[in-house]
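This report refers to the structure that appears directly beneath it.
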Amino acid sequence: MEVILKQDVEHLGYADDVVKVREGYARNFLLPRGLATLATESARKQLTETLKQRAHKLAKIKDEAEKMAGGLGDKTLRIGAKVGENGRIFGSVNTIMIADALKAIGFEVDRKSIKLKGEAIKSVGKYEAEVTFHRDVVRIIPFEVVEE
């Protein structure tokens, strides 16, 4: 029996996959729990149309993310921090500070999509951060921590 999965099912497949399963598994587990629907001809047509529309929307979102990442180019961010003796800063540089620096130059990026490379940044110097604009668009952005 073939079914169309509505959700990800472990060891079986991902949402919107058409999978072949045993009849008892489909009727007693997948269908009653709402994890799948029968793969009838009309359900298959509806699935292909849904996937086509979703692909168009995802392509548009990806293009916008690539434009944003390309606009950033070779710019280096400067993040000011209060510095004590020996070049050590008070506290540490975090993703919120990087998101604010990006916002200051005109790029709206969520702080959750920024990952710092290496350990906590507690001194003045040059570093890199990985920014995820889209699932497929990831850029490495250099930034410099300077004394305020």
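Here, each number is a calculation from the coordinates, and none is a lab measurement. Everything numeric here is computed off the predicted structure, so don't read it as measured data. Here the Cβ is made from the backbone with ideal geometry for all residues, glycine too, and neighbour counts use every protein chain on show.
Across q = 0.11, 0.22 Å⁻¹, the stretch 70-147 modelled as identical point scatterers on its alpha-carbon atoms has Debye log10 I(q)/I(0) values of -0.27, -1.00, in the order of the q list. Its residue count N sets the reference 2.2 N^0.38 Å, and the alpha-carbon radius of gyration of the stretch 32-103 equals 2.13 times that reference. Measuring r between the beta carbons of residue 148 and residue 66 and using R0 = 30 Å, the FRET efficiency lands at 0.30. Any chance you could give the angle, 0 to 90 degrees and rounded to 10, that helix 95-104 forms with the longest Cα principal axis of the chain? Orientation of helix 95-104: about 80 degrees from the principal axis. Treating each Cα of the chain as an identical point scatterer and summing with the Debye formula, the log10 of I(q)/I(0) at q = 0.17, 0.20, 0.21 Å⁻¹ comes to -0.90, -1.10, -1.17.
For the residues 21, 124, 109, a GNM of the chain with alpha-carbon springs under 10 Å puts the largest fluctuation on 21. The residues 127, 25, 14, when put in order of fewest to most other Cβ atoms within 10 Å, stand as 14, 25, 127. Taking the longest Cα principal axis of the chain as reference, the axis of helix 41-72 is set at about 10 degrees. Note on the chain: GNM, Cα springs under 10 Å; of 114, 79, 105, the largest mean-square fluctuation is that of 105. Structure remark: mean-square fluctuation, Gaussian network model of the chain, C-alpha springs under 10 Å; the largest value among 92, 113, 42 belongs to 42. By the scheme Lys and Arg +1, Asp and Glu -1, what is the net charge of all other residues having a beta-carbon under 15 Å from that of residue 38? Value of the local net charge: +2. For the stretch 2-61, the share of alpha carbon pairs falling in successive 5 Å distance bins from zero is 4, 19, 27, 21, 15, 9, 4, 2, 0 percent. Segment residue 58..residue 126, full-extension length gain: 21.0 nm, with 0.36 nm per residue of separation and the alpha-carbon distance subtracted.
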